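Student: First the structure, which I've put down as structure tokens, then a few questions once you've had a look.
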Protein chains: 2
Amino acid sequence: MPTLMSTNILFSTIETELKTLDKNLKTMVTAQHPVLYAAAEHLFNAGGKRIRPAIILLMAKATSNTILDTHKRLAEITEIIHTASLVHDDVLDDCSTRRGLKTVHSTFNTKIAVLAGDFLFAQSSWYLANLGNLHVVKTISKVIIDFAEGEVQQGSNYFNYNMYIQNYMEKSFYKTASLIAASCKSAYLLNVDDIHYSNHAYNYGKYLGLAFQMIDDILDIIGSEALLGKPTGLDLKNGNLTAPILFAIVEEPYLVTLIEREFSQVGDFELALHLIKRSSGIQQAKDMAFEYIQSALTCLRKLGVSDAILSLKQLTHYIFTRLN
Amino acid sequence: MPTLMSTNILFSTIETELKTLDKNLKTMVTAQHPVLYAAAEHLFNAGGKRIRPAIILLMAKATSNTILDTHKRLAEITEIIHTASLVHDDVLDDCSTRRGLKTVHSTFNTKIAVLAGDFLFAQSSWYLANLGNLHVVKTISKVIIDFAEGEVQQGSNYFNYNMYIQNYMEKSFYKTASLIAASCKSAYLLNVDDIHYSNHAYNYGKYLGLAFQMIDDILDIIGSEALLGKPTGLDLKNGNLTAPILFAIVEEPYLVTLIEREFSQVGDFELALHLIKRSSGIQQAKDMAFEYIQSALTCLRKLGVSDAILSLKQLTHYIFTRLN
């Protein structure tokens, strides 16, 4: 993963807004309840690279070179929804570390994690309603349904080596791309309620989100624990069969045996990782991610020419460079 | 608890709407995912007495003698939110039976329960946004925040014998009354957007909800397992100190010792139940519930005179008779 410097340069035009966002997120997730606050602070401090809010703020600038207060709030809401989904996702995945830090449900317990997730989802719904734009409320509400749908699909396909790549893409849309797509669209809806532009913005977010997820899934296989902040191959170990794994199965049928017995014998997991790496699965997944990046760029061109669009273009390229 | 007959008579004017609601709830919680469907069906079939939707439908009739399609949808949304909160509440309370049936997280597992709850909350947000009334969206969104707040307050006060009755009422408002209040108000907002009437409707729902919760908490102590569909004194055992218990502590200080050691010695729990029953705690709680019922009736009178208001009046009385 590139150093923070790369995103710092990319986000230079929205640096002030991103700093305010960090501050607001901590204030918004009220400090009244020590444990919940600890849970939330822990997550918000872990930070990620604020790629989602950055995309929204840049998209907001693209609409008319002005970032409205509602845009800033939308960026905050999106980050809260994303964090809420991570908290519940970790309970569902039995994941004990994320971004190199222990997850809420392993640091505290499952109850606190359920509660913290509910609390964050509730906060986001409330702030969303108070944006005062029914079209945006509908667009973002759909995302929460999509999350749940994505979790269900993932949950019912663990260790399912018969899964199609289309199922994987659908799940990636629900769990990752839907939020980015809906928030890009909403950035337009909050300013220029133009169906033409807002649909291009939606599609940009969708393709970018799909590429983003695919790249994350490739990194899960090829990245080191130090780089990922979590053990290598965690998806594989959990039976969450991502694109590179599904592509690899076709070339390396012994993977089916290993997956079928859920890596229960000594060395199974390491052998599976080795088989995936020697197959063309990683490359096929990279090619697919590259195609999505190209589709995202095509949508971006339809949104006109401006400094903000240029930054979004660079951001889109940057996401692909995470693989290097 | 009175037989179903009593509510059948009370709800005779809205019988058709309640039947449609039952049917719709099952369809709305999509049948695409066998496990989630099973989880949801299980809950919706357990049924309760549909008191919440009945209140909304009657309140809708009270607004202008017409139940709009949006009112019906509001009643469904309220029941979905209520069910979602029960599913997560059961995870948080480690409750293994509800209404005489095993809870989702004990029948399936915690993950399915988290997922089913998220799915139901998501569905409700989506249907809510599609009601197309921003004022209603804001009013109901607040309820979801209140739920989370109520859970946090409950979670941080287990076995806290120093808790004030005011803390208990606040928690009851967040966990029970807020939803009834907000949906009564929304029934008005959907038809006659009159701040005067909608506030009376809100206060009616608030007082009714507080009485309802207080009565439930009294029944937890004095009801039999057969009557409750769950073991007697479950709140007490879990350290969830409700009004009758808090009142009893003042007269029976040995309760503090029992609560402090979390009923860890043989006979502690039975002794605590006995001490509460011999104190005036139950009667004090009944008196308080009666006062809330009276306050609810006062609010109801401000909403005018109609058949629907008469039914709501009877329903309000009926809720108190559950104690007999």
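Since every read-out is calculated from the coordinates, none of them should be taken as a lab result. Just so it is clear, the model here is predicted, and its values are computed rather than measured. Virtual Cβ from ideal backbone geometry, glycine too; neighbours counted across all protein chains shown.
Student: Near A:K72, which aspartates and glutamates are there with a Cα under 13 Å away, not counting those fewer than 8 places off in the same chain?
Tutor: Output for A:K72: A:E15, A:E17, A:D22.
Student: Starting at the first residue of the range B:167-179, write each ³J(HN,Hα) from the Karplus equation 6.51 cos²θ - 1.76 cosθ + 1.60 with θ = phi - 60°, in whole Hz, x for Gly and Pro.
Tutor: Residue by residue, the range B:167-179 yields 5, 4, 5, 4, 4, 5, 4, 4, 7, 10, 6, 4, 5 Hz.
Student: Which shape class, rounded, prolate or oblate, goes with the protein assembly as shown when its Cα gyration tensor gives a ≥ b ≥ c as root eigenvalues, a/c under 1.5 marks rounded, and past that a/b bigger than b/c marks prolate?
Tutor: Here the protein assembly as shown falls in the prolate category.
Student: Run the quick spin-label model on B:V305 and B:N160: label points 7 Å from Cα toward the beta carbon, then report their separation in nm to one decimal.
Tutor: In this crude spin-label approximation the distance works out to 4.7 nm.
Student: So what are the ³J(HN,Hα) numbers for the range A:114-130, from phi and the Karplus equation (6.51, -1.76, 1.60; θ = phi - 60°), rounded to whole Hz, Gly and Pro as x?
Tutor: Karplus values, whole Hz, x for Gly and Pro: 4, 5, 4, x, 4, 4, 5, 4, 4, 4, 5, 4, 5, 5, 4, 4, 7.
Student: Would you pull out the residues with amide H under 5 Å of B:N160's amide H, same chain only if 5 or more places away, H placed 1.01 Å from N?
Tutor: For B:N160, the qualifying residues are B:L241.
Student: When all C-alpha to C-alpha distances in the range A:118-245 are sorted into bins of 5 Å, what percent of pairs does each bin hold, rounded to whole numbers?
Tutor: 2, 11, 16, 19, 17, 14, 10, 7, 3, 0
Student: Given the -39500 (n - 2.57) contribution per DSSP H run of 4+ residues, what per-residue ellipticity at 222 nm results for the protein assembly as shown, rounded to the nearest 500 deg cm²/dmol?
Tutor: About -23500 deg cm²/dmol.
Student: Something else now. Can you grab the distance from the C-alpha centre of the range A:204-244 to the C-alpha centre of the range B:171-233, Å, no decimals?
Tutor: Answer, in whole Å: 46.
Student: Compute the length gained on full extension between A:V250 and A:I195: take 0.36 nm times their separation in residues and subtract their Cα-Cα distance, giving the result in nm to one decimal.
Tutor: 15.6 nm
Student: Still on this structure, please answer the following. What is the fewest-to-most order of A:I144, A:I81, A:I319 by other Cβ atoms lying within 10 Å of their Cβ?
Tutor: A:I319, A:I81, A:I144
Student: Continuing with the same structure: Could you tell me which of B:Q283, B:Q166, B:A187 has its Cα farthest along the dipole of the range B:4-321 towards the positive end, charges placed at Cβ (Lys, Arg +1; Asp, Glu -1), taken about the Cα centre?
Tutor: After comparing all options, I get B:A187.
Student: How high is the relative contact order of chain B, given as a whole-number percent (alpha carbon pairs under 8 Å, six or more residues apart)?
Tutor: Value for chain B: 19 percent.
Student: Starting from 0 in steps of 10 Å, tell me what percent of the Cα-Cα pairs of the range A:4-321 lands in each bin.
Tutor: 6, 26, 35, 24, 8, 1
Student: What is the order of B:H135, A:H82, fewest Cβ neighbours within 10 Å to most?
Tutor: The most exposed by this proxy come first: B:H135, A:H82.
Student: So what J values fall out for the range B:208-223 if you push phi through Karplus, 6.51 cos²θ - 1.76 cosθ + 1.60 with θ = phi - 60°, rounded to Hz, Gly and Pro as x?
Tutor: 4, x, 5, 5, 4, 5, 4, 5, 4, 6, 5, 4, 4, 8, 9, x
Student: Counting chymotrypsin sites (Phe, Trp or Tyr not before Pro) as exposed when in a DSSP loop with at most 16 other beta carbons within 10 Å, what is the longest stretch of chain A free of them?
Tutor: Numbers: sites that count: A:Y158, A:F159, A:Y164.
Longest gap between qualifying sites, sites excluded: A:165-324.
Student: Cut-off under 16 Å on the C-alpha distance; same-chain residues fewer than 8 positions from B:K138 excluded. Which lysines are left, in chain and number order?
Tutor: Counting by Cα, and skipping residues close in sequence, B:K138 has these lysines nearby: A:K138, B:K185.
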